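Before any comments, here is the structure.
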Amino acid sequence: MRDYVEIGIGREARRAYYLRDIAIVPARRTRSSKDVDLSWHIDAYTFDIPFASHPTDALASPEFVIEMGKQGGLGVINAEGLWGRHADLDGAIAKVIKAELDAESAGKRGTSAEDSAVRTLQELHAAPLDHDLLSERIAQVRDSGVTVAVRVSPQHARELAPVVVKAGAEILFIQGEIISAEHVQGGGEPLNLKEFIGSLDVPVIAGGVADYTTALHLMRSGAAGIIVGQGATTSDAALGIGTHMATQIADAAAARREYLDETEGRYVHIIADGEIHTSGDIARAVACGADSVMLGAPLAAASQAAAGGYYWQSQAAHPRFPRGVIARADGGFSFGWGLDDAAATEDILKQLRSNSPSLETILHGPSTSTWGGHNLAGGLRRVMAKCGYTDIKSFQKVGITLSS
């Protein structure tokens, strides 16, 4: 039964829960973690671990995307980011970090530093999108042998999907902060996702969604997977749109059950994107019904990550209404060094990366972290074993309690 509370005369609100509001309950049976299979099978593709990276330039250097694939996960490229706008990708990213470092060294921590870095990011995104450059970089990933996944926005899906598929994209993400089955563009023809997905030769993962009805509509559009959540944006403050991922994932899982019955067996995957910082958060998301998770800031500290430990989401670059913070992923302060030119900034970027753990350590360990920030796959494998489960789908049935 849904839990509604009266917030005033004639106005009710549904009570919803964050991932941290729930706790996983071990059962009477335990297993060895060596018996746990974390593999994720979606459409014709299989991944050793159920992790995808958030499509942001803060993560996705070609090296990061390739290494993500080699470590068993799925690296996602943002077709509308800096990949196709600047030949010198490192130089462009370094300018964003330089803007924040310079603001901080001048004593403008917090909002002023964010404003400066966001303004720089907006200017970099104002450069025209070069389809040839984007295709060349996608081909570089394709030639490495890993599965190629590319994200486009609903607004530009018609224009960019043929470009990225031709370049080698094997899985297409149609991802916005909030998405619907029919995106209506002012003065333009609506994007009917069912018709559009049906016209493509590659599987589509679409999102994000926040409720049962939209999740069911996207499943009916033919998507192989749906993304639940918005990642780490500032939409709560800027738009009043908040995420309560435990409730949202559970609602999407309920929509999946209805769609499974409706289609007599077509299974749509749920990818959770938000409130996920540790291996415990990943386990909670799966316990609520997720098949996999989209990781952003937890991967930003990897030595292969493009921004050397800094993180932002693509919404931070919106030209008129940015919604994302540019900051150190670990929440710490940066060096505070004032830098004179781009070359010096790139040296700092290299130093940041050289002092970082590898993506392998973050995903598979070994770890010295006691709070679940490293060896994310190992942490998920261990909690599944502690609860007696050997695969992701069965772990979705684990007992949970409300801890607040």
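The values are calculated or read from the model by the stated rules, or taken from the named source; none is laboratory data. Given the structure is predicted, the values throughout are model-derived calculations rather than measurements. No Cβ is skipped: glycine too gets one built from the backbone with ideal geometry, and neighbour counts run over all protein chains shown. Note: areas computed on protein heavy atoms with side chains; ligands, DNA, RNA excluded. Shrake-Rupley method; radii C 1.70, N 1.55, O 1.52, S 1.80 Å.
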**Largest-first ordering by accessible area, 1.4 Å probe, given options Lys397, Lys34, Lys98, Lys194** = Lys34, Lys397, Lys194, Lys98
**Request:** Could you tell me which of the pairs Lys350/Lys393; Lys95/Lys166; Lys34/Lys397; Lys98/Lys166; Lys194/Lys393; Lys166/Lys194 are separated by over 29 angstrom between their Cα atoms in the structure shown?
**Result:** Lys350/Lys393; Lys95/Lys166; Lys98/Lys166
**Request:** May I ask for the angle, rounded to the nearest 10°, between helix 376-386 and the longest principal axis of the chain, with both axes built from Cα atoms and the value confined to 0 to 90°?
**Result:** 20
**Prompt:** If packing is taken as the mean number of other Cβ atoms within 10 Å per residue, what is the order of 71-78, 217-224, highest first?
**Reply:** 71-78, 217-224
**Of all accessible heavy-atom area on the chain, the percent that carbon and sulfur account for (1.4 Å)** = 48
**Complete:** Per the C-alpha gyration tensor (a ≥ b ≥ c, the square roots of its eigenvalues), segment 19-402 is rounded if a/c is under 1.5, else prolate if a/b beats b/c, else oblate; here it's oblate
**Request:** Leaving out ligands and nucleic acids, note down the accessible area per residue over the chain with a 1.4 angstrom probe, in whole Å².
**Result:** 44
**Request:** Out of all DSSP beta bridges with both ends in the chain, state the antiparallel percent to the nearest 5.
**Result:** 35
**Message:** Taking θ = phi - 60°, what integer Hz values does the Karplus form 6.51 cos²θ - 1.76 cosθ + 1.60 yield along segment 285-293, in sequence order, with x for Gly and Pro?
**Reply:** 4, 5, 4, 7, x, 6, 8, 7, 10
**Request:** Can you send over the solvent-accessible area of Cys288, 1.4 Å probe, protein chains only, in Å² to the nearest 10?
**Result:** 20
**Request:** Take every Cα pair under 8 Å in the chain that's 6+ residues apart, average their separations, divide by the length, and report that relative contact order as a whole percent.
**Result:** 24
**Asked** Which value, in Å² and to the nearest 10, is the accessible area of Arg158 when all protein chains are kept and the probe is 1.4 Å?
**Response** 110
**Item:** Computed lengthening from Arg31 to Thr263, 0.36 nm per intervening residue step minus Cα-Cα distance
**Value:** 80.0 nm
**Asked** Accessible area of His277, 1.4 Å probe, to the nearest 10 Å²?
**Response** 100
